[in-house]
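Q: Here you go, one structure.
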Amino acid sequence: MSDAPPDAALHDERISLIVESYRRLTGSALLDPLPDDVRGLALALWHAPRAVVAHGTQAAPVFFYGNRLALQLFEMSFEEFTQLPSRLSAEAPAQQERERLLEQVARQGFVTGYSGRRIASSGRRFMIADGVVWNLVDRAGVRHGQAAAFVAQ
């Protein structure tokens, strides 16, 4: 996998939404330092020390973003990951728990301390921990999806 983000990750206007929603909802910065230009923001998010993923608002949400670390964990290219329905990132038994979490996030705005089991494209299972899941909400209050940041154990 290339260390450079794909063009789609660099030019997606939702990158700012991921970072700004996190700050607005949690009161803290997702990235430190926080770049002040869009390209710097996209590069910093790509190289963040935590996996960062985001999905849209479809009935069966599909990931539209995964940073370098997330792609390594899920063993996918950016193109593969951004076609994955987000529910399939968890094993079938864990999907109900994941769905309850996302409903809680939708109500509360964000949840911290999340952990769970996930599955890579090879079938390898891995644990995520210290997760923060938040709503992607623009300044007008319109919801555009949800995002998560976590570490693997």
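The values are calculated or read from the model by the stated rules, or taken from the named source; none is laboratory data. Just so we're clear, the structure is a prediction, and the values are computed from it rather than from any experiment. Cβ placement follows ideal geometry from the backbone for every residue including glycine, while neighbour counts extend to all protein chains displayed.
Q: Tell me whether the stretch 71-79 contains one or more residues that are under 29 Å from D7 (Cβ atoms), within 13 Å of the chain's Cα centre (by Cα), surrounded by 14 or more Cβ atoms within 10 Å (Cβ to Cβ) and not hydrophobic (A, V, I, L, M, F, W, C). Please lay out each step first, then the result.
A: Pass one, the stretch 71-79, residues under 29 Å from D7 (Cβ atoms): 71-79.
Okay, now just the ones that are also within 13 Å of the chain's Cα centre (by Cα), so 71, 73-74, 78.
Still in the list and also surrounded by 14 or more Cβ atoms within 10 Å (Cβ to Cβ): 71, 73-74, 78.
Now restrict to residues that are not hydrophobic (A, V, I, L, M, F, W, C): none.
Within the stretch 71-79, none of the residues are under 29 Å from D7 (Cβ atoms), within 13 Å of the chain's Cα centre (by Cα), surrounded by 14 or more Cβ atoms within 10 Å (Cβ to Cβ) and not hydrophobic (A, V, I, L, M, F, W, C).
Q: Let me ask something else about it. Mind checking which residues of the stretch 80-107 are modelled with pLDDT of 95 or more and surrounded by fewer than 17 Cβ atoms within 10 Å (Cβ to Cβ)?
A: E80, Q83, P85
Q: Also, quick follow-up: Looking at V53, V19, which is the one that is among the aliphatic types (A, V, I, L, M) and assigned to a strand (DSSP E or B)? Before you say what the answer is, go through the steps one by one.
A: Values: V19 fails: assigned to a strand (DSSP E or B).
Testing whether each residue is among the aliphatic types (A, V, I, L, M) and assigned to a strand (DSSP E or B) leaves just V53.
Q: Can you name the residue in the stretch 109-153 that is of a type in the set (K, R) and outside any strand (DSSP E or B) and, of all such residues, is farthest from Y22 (Cα to Cα)? Show your work before the answer.
A: Keep residues of the stretch 109-153 that are of a type in the set (K, R), which gives 117-118, 124-125, 139, 143.
Those left that are additionally outside any strand (DSSP E or B): 124, 139.
Details: R124: 29, R139: 12 Å.
Ranking the qualifying residues of the stretch 109-153, first place goes to R124.
Q: Please list, ordered by residue number, the helices (runs of 4 or more DSSP H) wholly in the stretch 58-108 having 2 or more residues that are under 13 Å from R118 (Cα atoms).
A: Details: elements: 68-74, 78-81, 92-108.
Filter on the stretch 58-108 gives 68-74, 92-108.
Q: Name the pairs: first residue in the stretch 108-121 and at positive phi, second residue modelled with pLDDT of 95 or more and among the polar types (S, T, N, Q), Cβ to Cβ under 6 Å, at least 6 apart or on different chains?
A: Pairs found: G109/N135.
Q: Given the criterion surrounded by 13 or more Cβ atoms within 10 Å (Cβ to Cβ), aliphatic (A, V, I, L, M) and in a helix (DSSP H, G or I), identify the matching residue among L25, L30.
A: On the way: L30 fails: in a helix (DSSP H, G or I).
It is L25.
Q: Then there is this: Tally time: how many residues in the stretch 136-153 are at positive phi and surrounded by fewer than 22 Cβ atoms within 10 Å (Cβ to Cβ)?
A: Going residue by residue through the stretch 136-153, those that are at positive phi are 141, 145.
Now drop any that are not surrounded by fewer than 22 Cβ atoms within 10 Å (Cβ to Cβ), which leaves 141.
Looking only at that region, the number is 1.
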